[in-house]
Amino acid sequence: MPSLKNDNFLRALARKPVTRQPIWMMRQAGRYLPEYRATRARAGDFLSLCKNPDLACEVTLQPLERFDLDAAIIFSDILTIPDAMGLGLHFVENEGPRFSRALQTEAEIRQLPIPDPATSLRYVMDAISVTKRALQQRVPLIGFSGSPWTLACYMIEGGSSARANTSQFDRIRKMAYQEPAILHLLLEKLTASIVLYLNAQIESGADAIMIFDTWGGLLSSSQYQEFSLNYMQKIMSQLHPIPKIVFTKNGGQWLDKISQSGCDAAGVDWTMDLATAAKLTQGRIALQGNLDPLALFAPEDVIEQEVKSILAAMKDYPGFVFNLGHGILQQTSPDRANFLIDAVHRFGQI
Ligand code: CP3
């Protein structure tokens, strides 16, 4: 295997010494970059951009042209699998994803196909191989998938959940109590689909994979184990051997369980204290996180302070990847993102 010029990200995931503190940012390719908006306009819309391997490669590389990042993440979306299952994915401006055919009945769940990554998801594999070539081993390329639970949230809800009151994905959360067996059937199908999908991404050149469990934090502790972590564990046990990152947003309290699930690293959101996270995982896995994306709206001296305190908390921890606690926001100034990345490298010198 040709060797990477900058492998600090993979070294941190393997809890090996690094030559500088690695950093990448969730959603680093996206609407906060004017060049992304230009490419998206050329593609027509977001999904057409995802489905065009050359343009997906172009936007994957855009943040790396601008910033001194230590990893690339393939430009795609977690909802590619439900789309390939035939749910009719589209995006509504200022609202988010929608499915024209939400799952409503047990029969619909039973009929769901398990997509073949070589056909209906071929565009993702092509985007990865094109991007891997274009990267010329500069930095590692991350592949990803949603967790079965998180994909099921969107599939049962029919899209993003209304954020009114405290109701979030209530349909699937009721189902977990009322019809757990049917929900498990759906989660099993998603698990089988994700194993094929991620293994195909690895075969296409992904150097590490990340499972986004954005909505695992909606569950009670026992339900988290039953409906989310168990399935992620099952997936990881069937993947080709490359580094695996699990990110359960709002899952800080379960980091001890996550660290024993077969992952190499866990993502941590900004609500979790990193020193506490380190105590829960005991150095068994690497950690990744956790600057609040809103901190990028603060003045530079405040960003510096936040960077210093995160680095201080992780100073003696084996294996740390600096990241945001969730995706970078559309209104973020690219200059502030650049300032953050430089600050992490400046203060994180080894
Ligand atoms: O990190 C990266 O740079 C890679 C690209 C990436 C996208 N989506 C691009 C995207 C990744 C890793 C994702 C994952 C994803 N998609 C998640 C899990 C991570 C998370 O944020 O919690 C989820 C829940 C989705 C589903 C999804 N896709 C939603 C809810 C939305 C709409 C929200 C929004 O920001 O508008 C999307 C659209 C989406 N995915 C965009 C991007 C850049 C914006 C689309 C656009 O260009 O208009």
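The values are calculated or read from the model by the stated rules, or taken from the named source; none is laboratory data. Everything numeric in this text was worked out from a predicted model, so none of it was measured. Counting neighbours? That spans all protein chains shown, and the Cβs are built from the backbone with ideal geometry, glycine included.
With respect to the conditions (1) within 12 Å of the ligand (Cβ to nearest atom); (2) closer than 20 Å to Thr248 by Cβ, His184 falls short on a single one, namely (1). The condition of being within 16 Å of the ligand (Cβ to nearest atom) and either in contact with a His (Cβ under 6 Å, 6 or more places away or on another chain) or of a type in the set (Gly, Ala, Ser) (or both) holds for only one of Gly348, Gly262, Gly289, that being Gly289. Put simply, of Gly267, Gly283, Gly262, Gly289 the only residue that is farther than 19 Å from Ala192 by Cα, in a loop (DSSP other than H, G, I, E, B) and not aliphatic (A, V, I, L, M) is Gly283.
Restricting the range 131-186 to residues that are touching a Phe, Trp or Tyr at 6+ places or on another chain (Cβ under 9 Å) and among the aromatic types (Phe, Trp, Tyr) leaves a set whose member that is nearest to Asp83 (Cα to Cα) is Tyr154.
If the condition is being at pLDDT 95 or above and among the acidic types (Asp, Glu), then the range 74-105 contributes Asp77, Asp83.
Residue-wise test of (1) free of Cβ contacts under 8 Å to residues at least 60 places away in the same chain; (2) surrounded by 17 or more Cβ atoms within 10 Å (Cβ to Cβ); (3) in contact with a helix residue (DSSP H, G or I) (Cβ under 9 Å, 6 or more places away or on another chain).
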| residue | (1), (2), (3) |
| --- | --- |
| Arg11 | yes, yes, no |
| Arg27 | no, yes, yes |
| Gly44 | yes, no, no |
| Leu47 | yes, yes, yes |
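Screening Ile109 with (1) within 20 Å of the chain's Cα centre (by Cα); (2) outside any loop (DSSP other than H, G, I, E, B); (3) crowded, with 17+ Cβ neighbours inside 10 Å gives one miss only, at (1).
Can you tell me which residues in the range 88-104 are within 9 Å of the ligand (Cβ to nearest atom) and polar (S, T, N, Q)? Scanning the range 88-104 gives a single hit, Asn94.
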